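For reference, the structure is listed below as structure tokens.
The values are calculated or read from the model by the stated rules, or taken from the named source; none is laboratory data. Keep in mind that this is a model prediction, so the values were computed, not measured. All Cβ positions, glycine included, derive from the backbone under ideal geometry; neighbour counts span all protein chains shown. Each accessible area value is taken on the protein alone, full model and side chains, heavy atoms only, with ligands, DNA and RNA left out. Shrake-Rupley method; radii C 1.70, N 1.55, O 1.52, S 1.80 Å.
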Amino acid sequence: MTGLRELQRQRVHEAISAAAITLFLERGFDEVPVTEIAAAAGVSKPTLFKYFPTKEDLVLHRIADHQGEAARVVRRREPGERPLEALRRHFLDGLARHDPVTGLSDDPEVLAYNRMVFSTPSLAARLFQHMSLDERALAEALAETTDDLTADLVAGQVLAAQRVLARRNVDLLAEGRPLAEVEQEAVRAAERAFSLLSAGA
């Protein structure tokens, strides 16, 4: 019974999210009231807020799925593998998969989603909050093998570099550049970024 209840909860969660993203991409984040999203998803406004405490959560829960990812990569790295090398490998793997979190996806909905997040002040601010939590988690993972100051500095630099790389990929694809061409540049840029990070670590 618990399994059925959880399945139903996931379905409602997805229905609300899909309705919200569709409306936001059609008309803009600030132009769509929460009551309209609830109606489109077939739920009440209080039910919507049980699943998504804020309007921003309706958008950024997709990014929240990656919360703590960098810290997990460091903790699950191969024996003898340096943390920065594990993070580099993980980012390059994401580029190869065209993972939207790397900015390297030419799916029209993903491009529109990224434009919306970066161009809406409240979403950009909330994204920064997510990144701050990620930075703290990564610093804690790095501190298991180095001193606290080094861990804090490296965590900040790594996540800033990944943010810059992802945003650059989004911008290049938004210009209409072919995915294969942008991917080659993205890989070179990532290699350069992690080389700079390694030199400074």
(request) Pop the C-beta distance of Arg89 and Glu6 into the FRET formula with R0 = 41 Å and round what comes out to the nearest 0.05. (result) 0.75
(request) Considering Cα pairs under 8 angstrom that are at least six residues apart, work out the relative contact order of region 58-111 and quote it in whole percent. (result) 21
(request) Round to a whole angstrom and tell me the spacing of the C-alpha centers of region 153-169 and region 45-64. (result) 26
(message) If I fit a long axis through the Cα atoms of helix 121-142 and take the longest principal axis of the Cα atoms of the chain, what angle between them do I get, 0 to 90°, rounded to 10?
(response) 40
(request) Subtracting the Cα-Cα distance from 0.36 nm times the residue separation, let me have the gained length for Asp107 to Lys45 in nm, one decimal. (result) 19.3 nm
(request) For Tyr113, Tyr51, give the ranking by accessible area with the largest first, probe 1.4 Å. (result) Tyr51, Tyr113
(request) Would you work out the relative contact order for the chain, in percent, from Cα pairs under 8 angstrom that are 6 or more residues apart? (result) 22
(request) For the chain, give the percent of accessible area contributed by carbon and sulfur heavy atoms, probe 1.4 Å, rounded to a whole number. (result) 54
(message) Suppose R0 equals 22 Å. What FRET efficiency, 1/(1 + (r/R0)^6) with r the Cβ-Cβ distance, do Arg192 and Ala160 give to the nearest 0.05?
(response) 0.95
(request) Ignoring everything but the protein chains, give the 1.4 Å probe accessible area of Ser119 in square angstrom, nearest 10. (result) 90
(message) Can you give me the accessible area per residue for the chain, using a 1.4 Å probe, in Å²?
(response) 55
(message) Tell me the angle of helix 148-174 to the major Cα principal axis of the chain, expressed in degrees between 0 and 90 and rounded to the nearest ten.
(response) 60
(message) What does the extension gain come out to for Glu185 and Thr145, with contour length at 0.36 nm per residue minus their alpha carbon separation?
(response) 11.2 nm
(message) Tell me whether region 75-201 comes out rounded, prolate or oblate; compute the Cα gyration tensor, take square roots of the eigenvalues as a ≥ b ≥ c, and use a/c under 1.5 as the rounded threshold.
(response) oblate
